[in-house]
Amino acid sequence: MGSPVRFDVAEGIAVATIVSPPVNALSAALRAALAEAVRRATDDPRVRALVIAAEGRTWIAGADISEFGKPPVSPTTPEVIALIESCPKPVVAAIHAAALGGGLEVAMGCTARVLGPGARLGLPEVKLGILPGAGGTQRAPRLMGAAAALRLMTEGEPLKAEAAIEAGLGDVLAEDDLVMVATAHAAHLAEGALPKPVAQRDEGLGPRETFEAEAAKLAKRAATEPQVAAIIQSVRNAYELPVAEALAKERALFFELVKDPRSQALRHVFFAEREAAKIANIPAGTKPRKVERAAVLGAGTMGGGIAMCFANAGIPVRVIETDQAALDRGLARIRSTYAASVKRGSLTQQALDARMALIEGAVGLDSANEADVIVEAVFEEMGLKKEIFATLDRVAKPGAVLASNTSYLDIDEMAAATTRPGDVLGMHFFSPANVMKLLEVVRAKHTAPDALATAAELGRKLGKVPVAVGVCFGFVGNRMLARRTAQVERLLLEGALPEQVDKALTEFGFRMGPCAMGDLAGLDIGWRIRQATGKKAPVADALVEAGRLGQKTGKGYYLYPEGARAGVPDPEVAAMIERIAAQEGVTRRAIPQEEILDRLLLPMVNEGARILEEGIAARPGDIDVVWLHGYGWPAWTGGPMHWAGARGLADIAARLEGFAAASGDESLRPAPLLAKRAAEGRAFG
Ligand code: T1G
Ligand code: NAD
């Protein structure tokens, strides 16, 4: 394997070109090669200046995250930057694409930064639970002002080329031939005195009070996110300490945060999301089918949101209903959802018109005949869905992908209603479909690899995080959710109140607890499924039968005074639960919050283990991604399977054994995979 840095000299200007796919991450090998290039440029008398360029989809994507937690290998990134900063000749960064984290820190160690139109400059470390650890908290404030730098580091979003120039991060914008412009700029700098290194440009910090005002806005985040507190402190050090000392403190903070379980969890999420995108057991080179037109059956809660996803991605979509009235209702709901975005200023009227122009309404399934992909989102009834797939088999064009948005039902049964089961799969969106990121792509027994690849790629085009799952009742997310829902019922009967159950999860990091979530989605959805499957939930059933469907009826587990979004505890519900508990012969007791939390989360983890055993999910990380993007599981814990591993499966197995013994519920016994991993002292990953 050749060096990841190519070194050329022409007319006294050296050009070091980084070529280290996939993203030129600052691995030990790349750092060493970069340091070598700087040394060569420094020592070579023919060389008057050095340009650092790169090839590939990024300039430098930052530190090699996979090296975190391992002993640092010299030269480290700060050592490479010190080499660049101490070079007696101008060093110019020629940035054609993303320069993120350590990548931007290397660029800020250079004398100047020349940007191509595709340049993206950012410090996203906050998303990994850390802070920039190679001088970013000292050099960015000196280039763009401390307040703006604080925003850049705590938001974690990159700046486009023009904005980066405006902010002071970039010096020259090269509309074309970036390396030529950078070479000319380097030659120009070589004619004059070398500008002082960025690290010494204290005058760039800007007024202290402006910085403190910006820091004050972050107080709430700083209280719960250690990396935000660390970033604020480190930038403040730029005002209070000599730069060398501030750099050393930054580095110490960096190593402290890298060890923090929250950062380990966020790094797990980073790689799990990328792994989940690779659908297991698909032959390499499987090509997705072309998708130029779509159709959505049903313009209800989900159908409308799914149609918006297609229009938002620029794909013409036909929404098909049973009759004109239902269609008009559905299209009106779509338009009013867009209008609300225009009112909020997150969408222009022009964009609204353009998206509505991509959405066409129709009545009758025959009009699905032109679509490359058809997503069925009609009532959750198997008979109706099989009828629809049999019709689609007749009217859909050859090669069209036939997808169901069912939440629970058996896709194999729907496929069996057609003569083309290879084209049938599940595309399970989450409500609201135009907002939630998760897409469970359900592989049925006969689904063809290219159909699966088509659904996954389409998912990414629609801005979703696709995760491949197998066929079972509720797939991955809802199947695990059912275990939690069962415990909610038990906990309420045994003595907990809805607000206590919800508090346990919101304090764990979920934005909403199960009772509030049920009220938001509508308690009748679960009731209809239980009716269809003959299952019972004494408390939830009683609420529905009392007309308490949730927010849509102004009361559910909570009371929603006139239009309120947040529910208030309702003594009537507490009384109802006590009555039902008495009828069920359940003795009530005060349940500690810690037990409530474990009874909500551990049975889900246990079900996750069964899902892995059955191959319904290919990797524990896939389950984590499902819960992060579909159910609001807090990212800084890494998702249910990572969290369980970090906590220790032996303790979890013991807790589950205890719950099974206390309740007599055998389904709470540790699943074989969990018991095995616990005995081996290992995690799921
Ligand atoms: N380290 C290691 N691997 C990385 C990586 C990184 N920084 N970035 C990407 N990869 C891998 C990724 O796992 C995948 O691998 C492949 O590259 C393509 O990635 C000292 C401490 C750059 C915008 O946070 O945001 O610098 O799955 O699918 O969609 O202060 O990757 O193919 O095997 O995402 O084109 C800060 C992280 C690090 C940026 C490209 N940097 N990367 O997106 O491709 S911390 C980041 C990204 C730091 C310093 C600190 C994106 C991307 P595989 P991909 P993409
Ligand atoms: P909904 O009741 O809001 O809408 C269903 C729509 O389908 C209705 O407008 C109805 O007129 C239409 N319809 C019925 N038969 C039809 C036919 N033959 N042709 C065309 N349209 C027909 O239901 P929903 O909540 O949008 O659920 C739809 C599907 O999505 C279900 O399978 C459900 O399980 C699944 N789902 C729902 C949610 C959710 O949170 N609501 C989340 C994920 C998946």
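Each Lys and Arg adds +1 at its Cβ and each Asp and Glu adds -1 at its Cβ; summed about the Cα centre, the chain shows a dipole of about 280 debye.
Placing unit charges on the Cβ atoms of the charged side chains and taking the dipole of the chain about its Cα centre, the candidate lying farthest along the positive direction among S336, H188, P672 is P672. Modelled spin labels at K343 and E191, positioned 7 Å past Cα toward Cβ, are 6.0 nm from each other. Under 1.5 on a/c is rounded, so check that first for the stretch 258-307, then, if it is not, pick prolate when a/b is larger than b/c and oblate when it is not; a ≥ b ≥ c are the square roots of the alpha carbon gyration tensor eigenvalues. Oblate, because a/c is 1.5 or more while a/b does not exceed b/c.
Work out the FRET efficiency for A354 and D323 from their Cβ-Cβ distance, taking R0 = 30 Å, and round it to the nearest 0.05. Using R0 = 30 Å, I get an efficiency of 0.60. Coupling constants for the stretch 221-237 follow from the phi torsions by the Karplus curve (6.51 cos²θ - 1.76 cosθ + 1.60, θ = phi - 60°), and in residue order they are 5, 4, 6, 10, 10, x, 5, 5, 4, 5, 5, 4, 4, 5, 5, 4, 4 Hz; glycine and proline get x. As I understand it, the dipole of the stretch 132-259 uses +1 on the Cβ of Lys and Arg and -1 on the Cβ of Asp and Glu, about the Cα centre. Which of F255, A215, A146 lies farthest toward its positive end? Comparing the listed Cα positions along the dipole, F255 ranks first. The length gained by stretching the chain between M382 and T419 to full extension, at 0.36 nm per residue less their Cα-Cα distance, is 11.5 nm.
Taking the Cα centre of the stretch 524-585 as origin and assigning +1 to Lys and Arg Cβ atoms and -1 to Asp and Glu Cβ atoms, the resulting dipole is close to 280 debye.
The distance linking the stretch 417-443 with the stretch 34-59 is 49 Å (Cα centroid to Cα centroid, whole angstrom).
Of the peptides 442-448, 184-190, the ranking by mean beta-carbon count within 10 Å, highest at the top, reads 442-448, 184-190.
With 0.36 nm allotted per residue and the present C-alpha distance subtracted, the Q200-R579 stretch has 129.2 nm of extension available.
Dividing the mean sequence gap of close Cα pairs (under 8 Å, 6+ apart) by how many residues the stretch 604-683 holds gives a relative contact order of 32 percent. Surface exposure of the stretch 43-84, expressed per residue as accessible area with a 1.4 Å probe, stands at 48 Å². Between F7 and E67, what is the FRET efficiency for a Förster distance of 25 Å, r being their Cβ-Cβ separation, to the nearest 0.05? Efficiency computed from Cβ-Cβ geometry: 0.55. Which residue, chosen from L358, L602, L520, occupies the Cα position most advanced towards the positive end of the dipole of the chain, where the dipole is computed from +1 (Lys, Arg) and -1 (Asp, Glu) charges on Cβ about the Cα centre? Value: L602.
When the chain is fully extended, how far beyond the present Cα-Cα distance does T286 get from A223, taking 0.36 nm per residue of separation?
The span from T286 to A223 would gain 17.9 nm if fully extended.
Kirkwood radius for the chain, taken over all pairs of different Cα atoms as the inverse mean of 1/r, rounds to 28.0 Å.
Report note on the peptides 159-168, 295-304, 515-524: ranked by the mean count of other C-beta atoms within 10 Å, highest first, their order is 295-304, 515-524, 159-168. Averaging sequence separations of C-alpha pairs under 8 Å and six or more residues apart, then dividing by the length of the chain, give the relative contact order as a whole percent. With pairs under 8 Å counted, the relative contact order is 9 percent. Distance between the C-alpha centres of the stretch 218-243 and the stretch 83-155: 18 Å, rounded to the whole angstrom. Taking 25 Å as the limit for the C-alpha separation, the pairs K290/K464; K259/K676; K127/K160; K127/K287; K287/K461 exceed it in the case of K259/K676; K127/K287.
The residues of the stretch 198-324 expose, per residue, 48 Å² of accessible area to a 1.4 Å probe. When a/c is below 1.5 the answer is rounded, else prolate if a/b is larger than b/c, else oblate, so apply that to the stretch 186-275 with a ≥ b ≥ c taken from the square roots of the Cα gyration tensor eigenvalues. Note, shape of the stretch 186-275 comes out oblate. What's the carbon and sulfur percent of the stretch 594-679's accessible surface, probe 1.4 angstrom, rounded to a whole number? Carbon plus sulfur share of accessible area: 58 percent.
The values are calculated or read from the model by the stated rules, or taken from the named source; none is laboratory data. The model shown is predicted, which means the values in this text are computed figures rather than measured ones. Here the Cβ is made from the backbone with ideal geometry for all residues, glycine too, and neighbour counts use every protein chain on show. Keep in mind that these areas ignore ligands, DNA and RNA; they rest on the heavy atoms of the full protein, side chains included. Shrake-Rupley method; radii C 1.70, N 1.55, O 1.52, S 1.80 Å.
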